[in-house]
1. Can you pull out every residue in the range 192-234 that is farther than 20 Å from Thr115 by Cβ and hydroxyl-bearing (Ser, Thr, Tyr)?
2. Can you tell me which of (1) assigned to a loop (DSSP other than H, G, I, E, B); (2) within 39 Å of the chain's Cα centre (by Cα); (3) surrounded by fewer than 16 Cβ atoms within 10 Å (Cβ to Cβ) is the one Pro230 doesn't meet?
3. What tally of residues in the range 138-152 results from selecting those that are surrounded by 19 or more Cβ atoms within 10 Å (Cβ to Cβ) and either in contact with a Ser or Thr (Cβ under 6 Å, 6 or more places away or on another chain) or among the aromatic types (Phe, Trp, Tyr) (or both)?
4. Which members of the range 48-90 meet the condition of being of a type in the set (Gly, Ala, Ser) and either closer than 30 Å to Ser264 by Cα or modelled with pLDDT of 80 or more (or both)?
5. Of the residues that sit in the range 178-225 and are surrounded by fewer than 19 Cβ atoms within 10 Å (Cβ to Cβ) and part of a strand (DSSP E or B), which one is nearest to the chain's Cα centre (by Cα)?
6. If you go through the range 150-177, how many residues are within 36 Å of the chain's Cα centre (by Cα), modelled with pLDDT of 90 or more and in a loop (DSSP other than H, G, I, E, B)?
7. List pairs: first residue in the range 113-139 and over 30 Å from Val91 (Cβ atoms), second residue open to solvent by less than 70 Å² (accessible area, probe 1.4 Å) and at pLDDT 90 or above anywhere in the structure, Cβ distance under 6 angstrom, at least six positions apart or on different chains.
8. So Ala247 fits all but one of (1) over 35 Å from the mean Cα position of the chain (by Cα); (2) open to solvent by 50 Å² or more (accessible area, probe 1.4 Å); (3) without any contact (Cβ under 8 Å) to a residue 60 or more places away in the chain; what number is the exception?
Amino acid sequence: MTRRMTGHGPRPVRLAFSDILRLGLLGIRTRGPRAALSALGISLGIATLVVVTAVPAAGQRALVNQLSALGTNMLRVAPQADSDPPVVLPVDADAMAARIGPVTGASAVANTHTTVLRSDRADPADASGISVLAARTNLLGAVHGRVRSGAFLTATTARFPTVVLGFRAAARLGFDRVRAGQEPGQLYIGGRWFTVIGILDPLPLAPDLDSAVLVGWKAARDRLGFDGHPTVVYVTAREARIEEVRAVLPATVHPQLPGLVQVSRPSDALAAKRATERTLSVLLLGLAGVALLIGGVGVANTMVVSVLERRREIGLRRALGATRGQIRGQFLAESVMLSALGGGAGTVLGAAGAAGYAVAHSWPVVFPPFVLAGGVAGAVVVGMAAGVYPAVRASRLPPTEALAAV
């Protein structure tokens with residue numbers, strides 16, 4: 001019975017929310033094959049949504065990582081070369097730069113003004129074009145460098161007469177690699193012998209270091225008469241604040257003469273990276289909107305056809321006392337649950353496909369924050385919106401007209 005008698009006449013029985021859900025599930029179960037096909041269509045739409053947003057996001061992250069490797073967050077600080085008298089940076093210039101809030105790292109090198117030779121009997125002219133630089137132990141992180149062979153300077157080795165060769169310097173001095181278990185090579189620098197412990201890969205962000213022989217800071221002071229004043233400071237900072245850091249660096253590293261300190265401008269790769277992120281973000285939103293629209297059209301079409309097919313059922317329920325609100329609730333519940341089932345399956349399917357594609361192309365697996373949760377939530381919202389018209393149409397069918405439609 002859908003109505004009960006009261007002193008004021010028959011009054012419709014209110015259906016609980018759980019009853020409406022059971023009616024919706026019943027409608028899906030009784031139309032198993034058609035409901036399965038409808039859910040499949042929805043799941044393909046949501047899977048498309050996940051794939052067309054996650055795959056470009058993975059490609060975007062891979063591209064951004066490549067651009068970041070070009071030094072988008074690095075600045076080079078040095079005194080003006082044509083100043084008279086020459087400007088000398090403070091001994092702790094790199095430590096002063098490291099105290100700037102957005103700075104993530106700072107290191108330095110200094111020209112020792114000494115000559116490097118392959119042996120103590122070599123012609124000093126053979127060393128032209130190769131500079132001997134004192135280097136901080138954290139230099140590699142600041143210039144995004146890597147060791148090709150051997151090891152870089154550490155807090156221990158930087159105290160002793162050891163050197164690391166830049167890529168071109170190693171080739172000119174006749175070193176191709178540092179071989180473990182064999183007697184290391186040696187170089188004659190400033191009248192002393194130094195042991196070669198490492199060779200670097202090319203440094204595209206600091207090409208001047210490719211032709212350099214790097215000596216530990218303390219070893220350079222103790223053995224080469226180095227005065228401790230850096231000649232170049234390398235600074236890395238958070239990309240979003242790189243311009244602010246650049247503006248305050250001169251006054252920070254040399255408060256007395258900030259106008260005679262030069263700071264490189266941010267890399268062109270940073271502008272390209274920012275433009276790429278903006279463009280692809282708009283593209284991702286557009287693709288997500290189109291995929292949701294297609295899924296919504298599919299759900300709406302499925303529910304409209306369902307109303308046309310079930311007019312007799314609707315008429316019978318109306319004749320037995322079901323209210324228009326109950327009919328609307330039933331069809332709206334069916335639409336939402338059908339969309340939720342299809343959305344869940346589509347999210348899993350799309351995530352698996354996007355992850356597989358990213359791995360196959362050696363990209364990082366990336367899912368935008370809104371995609372996985374938004375896949376199911378978006379399907380439910382779209383199903384609710386798409387089910388409103390069919391639900392209202394079903395509730396407005398007159399019982400006699402619906403029963404007459406065979």
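The values are calculated or read from the model by the stated rules, or taken from the named source; none is laboratory data. Predicted model, so just to flag it, every value in this text is computed and none were measured. Here the Cβ is made from the backbone with ideal geometry for all residues, glycine too, and neighbour counts use every protein chain on show. These area figures cover heavy atoms from the full protein model, side chains too; ligands, DNA and RNA do not enter into them. Shrake-Rupley method; radii C 1.70, N 1.55, O 1.52, S 1.80 Å.
1. Tyr234
2. Result: Pro230 fails condition (3) only.
3. 3
4. Of the residues in the range 48-90, the ones of a type in the set (Gly, Ala, Ser) are 54, 57-59, 62, 68-69, 71, 78, 81, 83.
If the condition is that a residue be of a type in the set (Gly, Ala, Ser) and either closer than 30 Å to Ser264 by Cα or modelled with pLDDT of 80 or more (or both), then Ala54, Ala58, Gly59, Ala62, Ser68, Ala69, Gly71, Ala78, Ala81, Ser83 are the ones that fit.
5. Selected residue: Thr195.
6. Qualifying residue count for the region: 6.
7. Cβ pairs passing all conditions: Ser119/Tyr188; Asp120/Tyr188.
8. All conditions are met except number (1).
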